[in-house]
Amino acid sequence: MRRSAPKRDAPMRRAAGTRRRIDPVQVAVVQRRLKSITEEMGLTLLRTTRSPILNEARDFVTGLYDARGRMLEQTEYIPVLAFALQPACENVARFFGDDVHPGDVILHNDVFSGGNQNNDVAVFKPIFDGRRLVAWAACKGHQADIGGAVQGGYNPEAREVWQEALRIPAVKVYERGRLRRDVWNLVFSNIRLKIVEEDIKAQIGGCTVGERGFKALVARFGWPRLEALLEALFDSTERRVRKEIAAIPDGTYRGESYAFYDGVTEGSKMKIALAVTVRGEEITFDFTGSAPQTPGFVNAPYSATASALLLTFLMLIAADIPHNAGILRPIRIVNPEGSFLNARFPAATTFGNSITGPTSDAIFRAFAQALPQMVTAGWNRFLGFAVSGHDPRKQRPYVDILFLSLKGGSGGTWMADGYDHIGLINCAGGILAQDYEMFEIHDPHFLVKHEYLADSAGAGRWRGGLGVETEFVIDGENVTGVAFGDGVEEEARAFGFFGGKAGAANSIRLDYPDGTVRHAKTKEIMRGIPRGTRFHQRAGGGGGYGDPFERPVEQVLADVRNELVSIEAARADYGVWIDPETLAVDAARTAALRGGGR
């Protein structure tokens, strides 16, 4: 279908004139250099942070932004942070205005001024060319604690933001290169764990690496030339995104999904209503009609929902599009304030990042109507369990979000099975998320089991990715567990597409030494967990794509031999009859099963 491009305003026509004078090779060189700088910043954090949340789970993002806060380039080491820095950087730039100087360092986490989650603390460092502010270097990472009522920052009992965290609106901790000890002490006196202070220092170091790299780029090209190249980069990225959107048939596509249990009312459901409208080279995502904000912490600030939308949309278009503000020009987001996807102050919102899963589900369901071979079936929903307590070996407190055990499988897609144990759509990372030996060194826990969970993947022509099963013994003291997530309800299992089946459900069980068994709710605080308790978690698999009876018999057989699919499931879900003694396929019985349908 051929469509005329929408009219462009005068500034855009002037930009087009500028583009004719710009060497596109130089634009590409600049983009790659910006990317490498953000990756260097990330390597700095991987090598210098102390918390496994950062140096193993990689729950951080690094980026470079122009003087106004527009994204020049960033590297998301965890997907949910795809749009987590630009809104905060824009807020910082507006708040301080001309009161920004070389050597300044600014902290920010406030969800009501551009932040996405209170635990995700951003560090910003301005970059100058002489006396002119030209850019910002920034790092944002999930901190092991951020104050509030519960150690670790996840508080399902919170009813307002102050019960969740220390709010840090834009504040300078260094001014003109000098540490503001009073401000520094104020911030870290309200945070329980010393490790957070050390990790913020590492983020400052990452920003210094970014500042150094960008200054070298300015020295190479000169600021006027580099500024023109950056504007051309924005334009080039915009053109590529518009081309991708133009390839989607015009129309309005609707999708919906639900988050389950707000932590207050048993059986509650929060609807996500989404209308995606494609018109020519532009696209609108409209969340009007979604559920109102909840009284608990199952709410998202605007930035968290925008980030969830952006990371999912980027999965549906060309993978090599640069990550800069040009992406956003053809995209319009309608997200009314007061929805649980854009909660009003002073709502509790810590669960907001975790609503990415349900939001992505709605997006995939909408786009399945327009891009059936680009979408994936459902990914396993997030069910986390943060453990905090006292480590008797080291005589100090500890906190762990247990990235090891919470990551299930992704959904199958056209021509490809889902990824096994890749994790959640908002924080993919797979088996690298937590090293076994480091897990036992960092925590007073003894790992018993961590393995693929057989039959957890949704059956399909292309099956979902497998989930995992994890067991360990808790050997800490004064231990508190915080369950926060989704995916235990039948409706919340990772859905199948086009005849594919759903993945397995999530579950968390604690076996106490006295024989007591407790099954965690999806949002609750479990206090006083005794030493010697055995923790058991199952993270479900992704949904299947396409009719399971169309999956090649040899692939089903291989999964059975690898103990990923049981003989019973091969027969019931795939119509493949395998002899339990010889592990050979009975061709006649298989033909009868598949020929007879379901």
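The values are calculated or read from the model by the stated rules, or taken from the named source; none is laboratory data. Just so it is clear, the structure is predicted and the values come from calculations on it, not from any experiment. Positions of Cβ are backbone-derived with ideal geometry, glycine not excepted, and every protein chain shown enters the neighbour counts. Side chains are part of the model used for accessible areas, which takes the heavy atoms of the whole protein and leaves out ligands, DNA and RNA. Shrake-Rupley method; radii C 1.70, N 1.55, O 1.52, S 1.80 Å.
Here Thr288 meets each of (1) touching a helix residue (DSSP H, G or I) at 6+ places or on another chain (Cβ under 7 Å); (2) part of a loop (DSSP other than H, G, I, E, B); (3) open to solvent by 30 Å² or more (accessible area, probe 1.4 Å); (4) among the β-branched types (Val, Ile, Thr) with one exception, condition (1).
The residue that is surrounded by the fewest Cβ atoms within 10 Å (Cβ to Cβ), among those in region 372-382 that are touching a helix residue (DSSP H, G or I) at 6+ places or on another chain (Cβ under 6 Å) and under 19 Å from Asn353 (Cβ atoms), is Phe382. Quick check on region 216-229. Is at least one of its residues over 15 Å from Arg33 (Cα atoms), open to solvent by 20 Å² or more (accessible area, probe 1.4 Å) and either within 25 Å of the chain's Cα centre (by Cα) or hydroxyl-bearing (Ser, Thr, Tyr) (or both)? No, the conditions are met nowhere in region 216-229. Assess whether Gly357 counts as being modelled with pLDDT under 95 and crowded, with 19+ Cβ neighbours inside 10 Å. Considered against the rule, which asks whether it is modelled with pLDDT under 95 and crowded, with 19+ Cβ neighbours inside 10 Å, Gly357 comes out as yes.
State whether one or more residues within region 420-434 are open to solvent by 10 Å² or more (accessible area, probe 1.4 Å) and assigned to a strand (DSSP E or B). Yes, region 420-434 has at least one match. Of the residues contained in region 250-263, one or more are found to be among the β-branched types (Val, Ile, Thr), surrounded by fewer than 15 Cβ atoms within 10 Å (Cβ to Cβ) and either more than 26 Å from the chain's Cα centre (by Cα) or under 29 Å from Asn155 (Cβ atoms) (or both). Residue count for region 454-468 satisfying the condition of being open to solvent by 20 Å² or more (accessible area, probe 1.4 Å) and outside any loop (DSSP other than H, G, I, E, B): 1.
Looking at Thr284, Thr288, just one residue is in contact with a Lys or Arg (Cβ under 7 Å, 6 or more places away or on another chain) and at pLDDT 95 or above, and that residue is Thr284. Of the conditions (1) without any contact (Cβ under 8 Å) to a residue 60 or more places away in the chain; (2) of a type in the set (A, V, I, L, M, F, W, C); (3) surrounded by 24 or more Cβ atoms within 10 Å (Cβ to Cβ); (4) assigned to a helix (DSSP H, G or I), Ala308 clears all except one; give me its number. With respect to (1) without any contact (Cβ under 8 Å) to a residue 60 or more places away in the chain; (2) of a type in the set (A, V, I, L, M, F, W, C); (3) surrounded by 24 or more Cβ atoms within 10 Å (Cβ to Cβ); (4) assigned to a helix (DSSP H, G or I), Ala308 is out only on (1).
Does Ile200 meet the test of being under 18 Å from Asp110 (Cβ atoms) and in contact (Cβ under 8 Å) with a residue 24 or more places away in the chain? Taking the combined requirement at face value, the residue satisfies it. The set of residues in region 47-68 being open to solvent by less than 40 Å² (accessible area, probe 1.4 Å), more than 23 Å from Val218 (Cα to Cα) and either free of Cβ contacts under 8 Å to residues at least 24 places away in the same chain or in a loop (DSSP other than H, G, I, E, B) (or both) consists of Thr49, Ser51, Glu56, Ala57, Asp59. Could you check, for region 351-374, whether at least one of its residues is assigned to a loop (DSSP other than H, G, I, E, B) and under 16 Å from Ile425 (Cα atoms)? Checked region 351-374: at least one residue is assigned to a loop (DSSP other than H, G, I, E, B) and under 16 Å from Ile425 (Cα atoms). For region 271-285, the set of residues classified as on the phi < 0 side of the Ramachandran plot and either open to solvent by 10 Å² or more (accessible area, probe 1.4 Å) or among the small types (Gly, Ala, Ser) (or both) consists of Lys271, Ala273, Ala275, Thr277, Arg279, Glu281, Glu282, Thr284, listed by residue number.
Checking each residue in region 69-85 for being touching a strand residue (DSSP E or B) at 6+ places or on another chain (Cβ under 9 Å) and open to solvent by 10 Å² or more (accessible area, probe 1.4 Å) picks out Thr75, Glu76, Tyr77, Pro79, Phe83. Residue count for region 148-185, restricted to those that are farther than 22 Å from Pro346 by Cβ, assigned to a helix (DSSP H, G or I) and of a type in the set (Val, Ile, Thr): 1. Residues in region 138-171 that are among the basic types (Lys, Arg) and surrounded by fewer than 22 Cβ atoms within 10 Å (Cβ to Cβ): 2 in all.
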